[in-house]
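Down below is the structure, laid out as structure tokens.
Derivation of every value follows stated rules applied to the coordinates shown; laboratory data play no part. Predicted model only: the values in this text are computed from it and were never measured. Here Cβ is always computed from backbone atoms with ideal geometry, including for glycine, and neighbour counts include all displayed protein chains.
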Amino acid sequence: NGRSVEDTYFDGDKVPVEKTQDVPVGKIGIFIGVGSFIKEALKDKLISRSESKERNPDIIPDKRKINTIGIVLGKVDN
């Protein structure tokens, strides 16, 4: 849920995921920390694509316990 990667994925979109513990730099993944979220992986952080960084801040995994679920492969058409 949330708006952190709009205009690519929107709250409520259904997304297929390839389960993996490694999301390559530049790819979008699903992560669990405080809640679950979709973010773009960079070398040292997970970033939002949203313009509202206050509501959707970037995340530095070393400072928070983050579990990787997998790579987002696209979205399912309703």
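Inter-label distance, Q21 to T8: 2.4 nm, where each label sits 7 Å from its Cα along the C-beta direction. The trypsin sites (Lys or Arg not before Pro) of segment 1-33 meeting both criteria, a DSSP state outside H, G, I, E and B (loop) and at most 11 other C-beta atoms within 10 angstrom of the site's C-beta, are K14. Structural descriptor for segment 1-49: relative contact order 35 percent, calculated from alpha carbon pairs under 8 angstrom and at least 6 residues apart.
With K and R counted +1 and D and E -1, the other residues having a Cβ less than 12 Å from that of T68 yield a net charge of +2.
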